[in-house]
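Structure record follows, encoded as structure tokens.
Throughout, read-outs are computed from the coordinates displayed, never taken from laboratory work. Nothing here was measured: the structure is a model prediction, and the numbers come from that model. All Cβ positions, glycine included, derive from the backbone under ideal geometry; neighbour counts span all protein chains shown.
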Amino acid sequence: MHDAGVLSPVVEATATAVADLCPADLCPADEPSPLIVDLGGGPGVYLRACLRRAPNARGVVIDLSKACARAAARGEPTTASVVADVWRQIPMRSGSAAVALSVFAPRNIAETARVLRADGHLVIVAPRPDHLTELVGPLGMLTVGPDKDDRIDAALSPAFDIVDRRVVQETRTVTAPTIADLVAMGPSAFHHNRAHIDEVADAVAGAHGGSLQITVAVTVTVCRIRGDRPHPSGPDFSV
């Protein structure tokens, strides 16, 4: 699906946000490379894009899927992967990461704040109400409420200050296989098996002559650890 270019604007916007936080001229050669952790990062598509834009950094993907963890680390010398549930305890040392990513993933704010450095940043990518709106009804996808950004802000406020927020919105043309992939990667997939998703995707695409235009709309939020908040302590993990 990413190869089809449907979400490439989102990938690029995420990588740009991270590159702005990890400029090479602020990372002296005699200091450790900044660590980017992708929480719930799947096969590492977003992290790889970030590392291409911030070659001075190294990365870790944490995901509950063993298959995704293997895919994330395969052929990537600067990337490690860990199988874990980010909604629980994140298996990393306190204060070890420069940047955390949360792209269409659960947000464990307290644990994320713990693993970030005192000057660390969190980059959140979340869908907007009109994201994939053309597919929501026909494929029974979950809707995004109009107060999505407000709820994110409320969850962040005890630990983070928002420093930037940018909207990415584009129209893309998709066919049945890509429609099915878009549904399968989201929470709606927990309610339907892949055969059913493929069948409905074929019907939706067929009703539009084999392809249709969809809206890709997300918010990229960049936030930093609050300066008035003591850096949290936690268990000493090896990663």
Listed residues 51, 139, 156; largest mean-square fluctuation, Gaussian network over the chain with Cα springs below 10 Å, found at 139
For the chain, whose charge dipole is built from +1 on Lys and Arg Cβ atoms and -1 on Asp and Glu Cβ atoms, the candidate among 11, 154, 109 with its Cα farthest towards the positive end is 109
The long-range amide H neighbours of residue 160, using H built 1.01 Å from N in the peptide plane and a cut-off of under 5 Å, are 226
Quick calc, the chain, dipole around Cα centre from Cβ unit charges on Lys, Arg (+) and Asp, Glu (-), nearest 20 debye, gives 440
Going from the fewest other Cβ atoms within 10 Å to the most, one would list 160, 104 as 104, 160
Shape call for segment 12-100, from the Cα gyration tensor axes a ≥ b ≥ c (a/c under 1.5 means rounded, otherwise prolate when a/b beats b/c, else oblate), comes out prolate
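Pull out the extension gain between residue 110 and residue 66, defined as 0.36 nm times the separation in residues minus the alpha carbon to alpha carbon distance; nm, one decimal.
Working: separation 44, 0.36 × 44 = 15.84 nm, distance 2.46 nm.
So the chain would gain 13.4 nm between residue 110 and residue 66.
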Using eta = 1.002 mPa s and T = 20 °C, Stokes-Einstein with Kirkwood Rh from Cα pairs puts D for the chain, in µm² s⁻¹, at 115
In the chain, whole DSSP H helices that both stretch 18 Å or further along their axis by alpha carbon positions and average at least 0.0 on the Kyte-Doolittle scale are 8-21, 194-207
Farthest towards the positive end of the dipole of the chain, among 169, 205, 32 and with Cβ unit charges of +1 on Lys and Arg and -1 on Asp and Glu, lies the Cα of 32
In deg cm²/dmol, rounded to the nearest 500, the helical mean residue ellipticity at 222 nm of the chain, built from -39500 (n - 2.57) for every DSSP H run of length 4 or more, is -9500 deg cm²/dmol
So for R0 = 35 Å, FRET eff. of residue 117-residue 169 from the Cβ-Cβ r, to 0.05, ends up at 0.65
